[in-house]
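Novice: I have a structure I would like to understand better, so I am pasting it below and will then ask my questions one at a time.
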Amino acid sequence: MAGAKTGTGPLAGVRVVELAGIGPGPFAAMLLADLGADVVRVDRPGGGGLAIDPAYDVTNRNKRSVLVDLKSADGPARVLELAERADVLIEGFRPGVAERLGVGPEDCLARNPKLVYGRMTGWGQDGPLAHTAGHDIAYIAVTGALGMIGNPDEPPAVPANLVGDYAGGSLYLVVGVLAALQHARTPGGTGQVVDAAIVDGTAHLTAMIHGMVAAGGWQDRRGANLLDGGCPFYGTYATSDGGYMAVGALEQQFYDTFVQLLGIADEAPARKDLARWGELRESVAARFRTRTRAEWTEVFEGTDACVAPVLSLGEAPHHPHLAARSTFTDFGGITQPAPAPRFSATPTAIASGPAQPGADTASVARDWDVPGLTGKGA
């Protein structure tokens, strides 16, 4: 499909329509845009969603925006014209809302049988809670993921909205959309609906843990296992200045290096003696409290002890390794994560900052040949 906007990533030439929403839908569309797709975000007049200045909404970078009032007489027609020219459409309404607005899968696929129609919800398109409101914390709660996180004698720790919205939601939507796009482009392939539910994706993320439970290698309670903080050589420890160090010395050879550099090799109880894990934890904790985070970072930097400082969001871009790889970048005055992953033949880049609502109406109308967007034709 021809168009003036071309990215350099592997999805260059792919057209995506994003019906404006909040959270996982916009993040998924940002990822597609980072990979080079021409993403057009359909914003509603008057805005909506979370109270964030659009100029700082990084999840709308590398996109273009048009304004369409889906409740107006000609609003649905404008979206259907875009869908007819698109490869992918993403929406995050509650089940049935897109249909009522006239831009549901049946209407869109009738205009474009090859369209991949991606649906992003928390509970999914069906089931007892499908029409119920919810947020990340509820979705990860019922899937068992939230219950695994935190200390055993405290309430579960809330991992921001990373596990549900973005890992279980956005990333699964993107995987589904790309798989469906591949199918649509094969001989005899067709478009289809991708039902990406955060509860499904988050449950899927726990696959390995379920296997370990079945094998008797994981206790179904918080803070009692190898990877949930129950293990004294896989967790976080306070330093003398109030900072923290993260320890992940699981394998024997890494553990040996860890206790040697920590300075407790001669006093640490055997790591395989689970009955003495509490004693081992205290030894590790006491030793970490004798120095600052910076001092311990210097001790472990570049070794195979699998120890790292716990950095804040503001500190992370300055970590030597992340700085060397340009894992973070500054664009438009905003420090933000660079596109990921990386490609040898089709490199990605941030080409534009957050799309401002309606700012690209004229260019999209021209590039996608939808003059009705500007009110100059149907």
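The values are calculated or read from the model by the stated rules, or taken from the named source; none is laboratory data. Note that this is a predicted model, so its numbers are computed, not measured. Here the Cβ positions follow ideal geometry from the backbone for every residue, glycine too, while neighbour counts run over all protein chains shown. Keep in mind that these areas ignore ligands, DNA and RNA; they rest on the heavy atoms of the full protein, side chains included. Shrake-Rupley method; radii C 1.70, N 1.55, O 1.52, S 1.80 Å.
Novice: Give the number of residues within region 18-47 that are open to solvent by 20 Å² or more (accessible area, probe 1.4 Å), under 24 Å from THR8 (Cβ atoms) and out of contact with any helix residue (DSSP H, G or I) (no Cβ under 7 Å at 6 or more places or on another chain).
Specialist: Residues flagged as open to solvent by 20 Å² or more (accessible area, probe 1.4 Å), under 24 Å from THR8 (Cβ atoms) and out of contact with any helix residue (DSSP H, G or I) (no Cβ under 7 Å at 6 or more places or on another chain) within region 18-47 amount to 0.
Novice: Now for a separate question. Residue pairs, Cβ under 8 Å, 6 or more apart or interchain, first in region 246-267 and within 15 Å of PRO232 (Cβ to Cβ), second open to solvent by 80 Å² or more (accessible area, probe 1.4 Å) and of a type in the set (Val, Ile, Thr). List them.
Specialist: ALA246/THR236; VAL247/THR236
Residue-wise test of (1) within 27 Å of PRO347 (Cβ to Cβ); (2) at pLDDT below 95.
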| residue | (1), (2) |
| --- | --- |
| ALA2 | yes, yes |
| LEU11 | yes, no |
| MET30 | yes, no |
| GLY48 | no, yes |
| ILE52 | no, yes |
| SER65 | yes, no |
| VAL68 | no, no |
| LYS114 | no, no |
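Novice: Oh, and also: Filter region 141-182 down to the residues that are part of a helix (DSSP H, G or I), open to solvent by 30 Å² or more (accessible area, probe 1.4 Å) and touching a His at 6+ places or on another chain (Cβ under 8 Å) and list them by number.
Specialist: TYR172
Novice: Okay, moving on. Please pick out the residue among ALA138, ALA110 that is surrounded by fewer than 15 Cβ atoms within 10 Å (Cβ to Cβ) and part of a helix (DSSP H, G or I).
Specialist: ALA110
Novice: Residue check: is GLY353 open to solvent by less than 70 Å² (accessible area, probe 1.4 Å), modelled with pLDDT of 95 or more, under 20 Å from the mean Cα position of the chain (by Cα) and under 20 Å from ARG64 (Cβ atoms)? Give the steps one after another, and end with the answer.
Specialist: On the way: open to solvent by less than 70 Å² (accessible area, probe 1.4 Å): yes; modelled with pLDDT of 95 or more: yes; under 20 Å from the mean Cα position of the chain (by Cα): yes; under 20 Å from ARG64 (Cβ atoms): yes.
Spelling it out, GLY353 is indeed open to solvent by less than 70 Å² (accessible area, probe 1.4 Å), modelled with pLDDT of 95 or more, under 20 Å from the mean Cα position of the chain (by Cα) and under 20 Å from ARG64 (Cβ atoms).
Novice: So GLY127 ticks every box in (1) exposed (fewer than 15 other Cβ atoms within 10 Å of the Cβ); (2) touching a Phe, Trp or Tyr at 6+ places or on another chain (Cβ under 7 Å); (3) not basic (Lys, Arg) but one. Which box is left unticked?
Specialist: (2)
Novice: Please go through region 255-272 and pick out each residue that is open to solvent by 50 Å² or more (accessible area, probe 1.4 Å) and either under 35 Å from the mean Cα position of the chain (by Cα) or not polar (S, T, N, Q) (or both).
Specialist: The answer is ASP256, LEU261, ASP266, GLU267, ALA270, LYS272.
Novice: Looking at region 276-353, what strands (runs of 3 or more DSSP E) fall wholly within it and have at least 3 residues that are more than 15 Å from MET245 (Cβ to Cβ) and free of Cβ contacts under 8 Å to residues at least 60 places away in the same chain? It would help to see each step written out before you state the result.
Specialist: Values: elements: 307-309, 328-331, 334-337.
Hits in region 276-353: 328-331.
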